Ligand code: FES
């Protein structure tokens, strides 16, 4: 199937689905020197069609990449973002990592679990919500955080999270605290994760005031990060004495402008043994 997209498939997909999946998967595979590297986005592509990594989706990926279904399954079962059963329209992820947990994440999860009647990685009977405990989403400054299809809902409480879930179940629009102006479906999100942008990546504010608070204080006080010792160059290479800070990359006097100092700077195409320059 790799060479001929129209070749017979063992999947149960209809012809139109095979044609569109094949076109998208071919585009994904073309992004990589080794087409097999496209498996991860291809699994998201399958989820954008089936709502989970289905048996047909596994066979499709295997046929496209010329690998076994077992090899595809081995990857799909390793990562929690790949679902082995139909996902809800919305994944509601409650961060229960350390900071969010102590700030109320555990209480939010317990309340949602009771309210929805489902546990971790389980889906409500109406197919609206799959509830998950999730790991840190680098939004600790807004703890506790709830994600809906990976959009941020910051500074949540059991009450606000429950109200959010109720709106999702009723099909009402919800507005993330930051980032995109709306929440798309799990299938739409999966297509974005497969590498087909929906144009919403730059919507809204990414880093809000709490995120930038430290930067603001540093600028007010003139603080800068200490130079890494590895960037300070010895005097004999033209970069200043050891221990001196190097100018920022790209500025006058930085390593980008360093004068040739050893034969390795000027000789090309010749393999040297370690320490040869020191002789
Ligand atoms: S611990 Fe929840 S976002 Fe970091």
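The values are calculated or read from the model by the stated rules, or taken from the named source; none is laboratory data. These numbers come from a predicted model, not from an experiment. Please note: Cβ atoms are built from the backbone with ideal geometry, for glycine as well, and neighbour counts cover all protein chains shown.
Quickly run through the range 58-81 and pick out the residues that are under 22 Å from the mean Cα position of the chain (by Cα), touching a residue at least 24 places away in the same chain (Cβ under 8 Å) and buried (at least 20 other Cβ atoms within 10 Å of the Cβ).
Result: 61, 72, 76.
I'd like the full set of residues that are modelled with pLDDT of 95 or more, surrounded by fewer than 21 Cβ atoms within 10 Å (Cβ to Cβ) and in contact with a helix residue (DSSP H, G or I) (Cβ under 9 Å, 6 or more places away or on another chain), limited to the range 83-95.
Of everything in the range 83-95, just one residue is modelled with pLDDT of 95 or more, surrounded by fewer than 21 Cβ atoms within 10 Å (Cβ to Cβ) and in contact with a helix residue (DSSP H, G or I) (Cβ under 9 Å, 6 or more places away or on another chain), namely 86.
Residue under question is residue 72, and the condition is that it be in the same structural domain as residue 147 (by TED's automatic domain parsing), at negative phi and modelled with pLDDT of 95 or more; does it hold?
No; evaluated as a whole, the condition is false for this residue.
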